[in-house]
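The block underneath contains the structure these notes are about, expressed in structure tokens.
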Amino acid sequence: MPESVAILEVTGLRKSFGTLEVLRGIDLTVRAQELVFVIGPSGSGKSTLLRCCNRLEEPNEGSIRVDGVELLDPKTDINAMRQRIGMVFQSFNLYPHMTVLANVTLALRKALGKGREEARAIGEAALARVDLADKSSAYPAQLSGGQQQRVAIARAMALEPKIMLFDEPTSSLDPELVGSVLAVMRELRQDGMTMVVVSHEMRFARDAADRVVFMDAGQIVEQGPPDRIFGAPQHARTQSFLADFAA
Amino acid sequence: MDSTTVFLDAFLNRAVIDKYLPDILWGMIITVEVALAVVATGIALGLLLAAVRSFRVRPVNVLIVLFVDVLRALPPLVLILIIYFGLPSVGIRLSGFAVLWLVLSLVLAAFAEEIFWSGILSIRKGQWEAARSTGLTFLQTLTHVILPQAVRMTVPPLTNRTIAITKNTALGAVIGVPEILMQAQTAQSFSGNATPLLLGALAYIVLFVPVVVLGRWLETRFAWGRA
């Protein structure tokens, strides 16, 4: 398989909160249409890494290129870049005062400047893709957690991002609702979306990921295809983490 | 005369009512005018200050907090007297109406700013992050995502505070604004009868009870289901 173009290139990334160094030199490349899974113990820095990738956190050092543009360059228009970097949060973060459709179309209208009708058409198409076309006039509080998270995915997808970042997208869902969210993510993958997923859904990682990255204490300990990471992890720390998980 | 007759003569004297009711009604109009002007400018200024404060520019916020604390600490009457009787000696002469409007607007703005600000702070960080992650600017996030939620939450405390401050229009009586209390007091001293004061009280009730009821309605109207 020929190497496809790099969508996300992280080099030498460092981030500290006060005296606590959370990211200690991260290098990570994600290529077009790749699904990269980031796993690791809590506090290993995986969420912080993801949040640096659209500058919700400001890194202290290093470089992050998205689609060839350096995010950390002060001259970069971060708002324009964020339209191309979709983000899905653990707690959904839908806007509770807006309908589902308005949640999806807000950025289309205000950030991309699309007209009401065009935004509506794009928004409804995005909602159809997450199987929620019939909920466009509902309010978030009327939906289940799984439905809310799918709306959040539609909100990010509607902007046609180059890459989507998922920060523990199923961690606050009841077990029976996880499946519907994973199904949507699987479809996105089949449609060729480039994705970085921080999650503990190991089975999904095994089935769907192209590459699994194991992080511990602010560093990438090892990475590789899921078969190798889950089947024959090289590092002691990876082995003990996965053993804890299996137990 | 039995005691009932004495009471009615002192507080509900028919002749006095007939003579001074028009003055009281005129006073109601003035009170409503001042109150509406105060509510409009006070709340708008309060919201503007809270929005500016959310940009967290340190020197600006120090000034806002200073303004808010001073105006919340001072009794409005003190400010009214200082401005009405003090400013003319430096050559600035404002009408009683203008002074009353200005002072009460600033006081309401100070309280409203605090209420809006705590509303803004109560919105979870995830709302900011979700909006910013879709490429919305800080200002777009503030106006479309944060403020609509914050303002809804502030309706009950803001209504209470607004009622409390607009009732202070009665302080206009001290600087000759012909609002309800001024009219009632004048009528009382001309007639030597307390009936106009009771009429004045009734006028306040007629004006403010609907506002209290409206506030309660807004409270339920602006409550929406939360996850």
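The values are calculated or read from the model by the stated rules, or taken from the named source; none is laboratory data. Computed from a prediction, not measured in an experiment: that's the story for all the values here. Methodologically, a virtual Cβ is constructed for each residue, glycine included, from the backbone with ideal geometry; neighbour enumeration extends over all protein chains shown.
Which one is surrounded by the most Cβ atoms within 10 Å (Cβ to Cβ), of the residues in the stretch B:122-144 that are among the hydrophobic types (A, V, I, L, M, F, W, C) and over 12 Å from B:Ser54 (Cβ atoms)?
It comes out as B:Ala130.
Look through the stretch A:52-61, keep the residues that are closer than 13 Å to A:Ile78 by Cβ and of a type in the set (D, E, K, R), and return whichever of them is farthest from the other protein chains (Cβ to nearest Cβ).
A:Glu58
Across the stretch B:24-40, what is the total count of residues that are crowded, with 19+ Cβ neighbours inside 10 Å and either modelled with pLDDT under 90 or among the acidic types (Asp, Glu) (or both)?
Adding up the residues that qualify gives 0.
Among the numbered criteria (1) out of contact with any helix residue (DSSP H, G or I) (no Cβ under 9 Å at 6 or more places or on another chain); (2) assigned by TED's automatic domain parsing to the domain that holds A:Pro175; (3) not hydrophobic (A, V, I, L, M, F, W, C), which one does A:Gly113 miss?
(2)
Considering only strands (runs of 3 or more DSSP E) fully contained in the stretch A:12-104, which possess at least 1 residues that are of a type in the set (Asp, Glu)?
Numbers: elements: A:20-31, A:35-39, A:61-66, A:85-88.
Hits in the stretch A:12-104: A:20-31, A:61-66.
Any chance the stretch A:147-160 includes a residue that's basic (Lys, Arg), at pLDDT 95 or above and either out of contact with any strand residue (DSSP E or B) (no Cβ under 6 Å at 6 or more places or on another chain) or not in a strand (DSSP E or B) (or both)? Outline the logic, then answer.
From the stretch A:147-160, those basic (Lys, Arg) are A:150, A:155; that's our starting set.
Right, trim to at pLDDT 95 or above and you get A:150, A:155.
The next check asks that each one be either out of contact with any strand residue (DSSP E or B) (no Cβ under 6 Å at 6 or more places or on another chain) or not in a strand (DSSP E or B) (or both); those that pass are A:150, A:155.
Yes, the stretch A:147-160 has at least one match.
From the set of residues in the stretch A:176-232 that are under 15 Å from the mean Cα position of the chain (by Cα) and among the basic types (Lys, Arg), which is modelled with the highest pLDDT?
The selected residue is A:Arg211.
If the requirement is being among the aliphatic types (A, V, I, L, M), under 15 Å from B:Ile43 (Cβ atoms) and away from chain A (no Cβ under 14 Å), which of these qualifies: B:Ala110, B:Ala187?
Just a single option satisfies the conditions, and that option is B:Ala110.
Can you name every one of the helices (runs of 4 or more DSSP H) wholly within the stretch B:78-175 that holds 2 or more residues which are touching a residue at least 40 places away in the same chain (Cβ under 8 Å) and basic (Lys, Arg)? Let's see the steps before the verdict.
Numbers: elements: B:96-122, B:125-133, B:138-141, B:147-166.
Filter on the stretch B:78-175 gives B:147-166.
Here are the criteria: (1) within 14 Å of another protein chain (Cβ to nearest Cβ); (2) farther than 30 Å from A:Asn54 by Cα; (3) buried (at least 22 other Cβ atoms within 10 Å of the Cβ). Tell me which single one B:Val155 does not satisfy.
Unmet for B:Val155, out of (1) within 14 Å of another protein chain (Cβ to nearest Cβ); (2) farther than 30 Å from A:Asn54 by Cα; (3) buried (at least 22 other Cβ atoms within 10 Å of the Cβ): (3).
Looking at A:Val151, A:Val100 in this structure, which one is within 18 Å of the chain's Cα centre (by Cα) and of a type outside the set (Lys, Arg)?
A:Val151
Go through the stretch A:91-107 and give me each residue that's touching an Asp or Glu at 6+ places or on another chain (Cβ under 8 Å) and more than 9 Å from chain B (Cβ to nearest Cβ). Working first, answer last.
Step one: list which residues in the stretch A:91-107 are touching an Asp or Glu at 6+ places or on another chain (Cβ under 8 Å), which gives A:93, A:101.
Answer for the stretch A:91-107, where residues must be touching an Asp or Glu at 6+ places or on another chain (Cβ under 8 Å) and more than 9 Å from chain B (Cβ to nearest Cβ): just A:Leu101.
Confirm whether A:Leu20 is of a type in the set (A, V, I, L, M, F, W, C) and loosely packed, with under 14 Cβ neighbours inside 10 Å.
Taking the combined requirement at face value, the residue satisfies it.
Given the criteria more than 14 Å from every other protein chain (Cβ to nearest Cβ) and among the hydrophobic types (A, V, I, L, M, F, W, C), does A:Ile64 qualify?
On the way: more than 14 Å from every other protein chain (Cβ to nearest Cβ): yes; among the hydrophobic types (A, V, I, L, M, F, W, C): yes.
Yes: the conditions hold for A:Ile64.
Checking the structure you have, find out if any residue of the stretch B:41-54 is surrounded by fewer than 15 Cβ atoms within 10 Å (Cβ to Cβ), of a type outside the set (Ser, Thr, Tyr) and at pLDDT 95 or above.
Yes.
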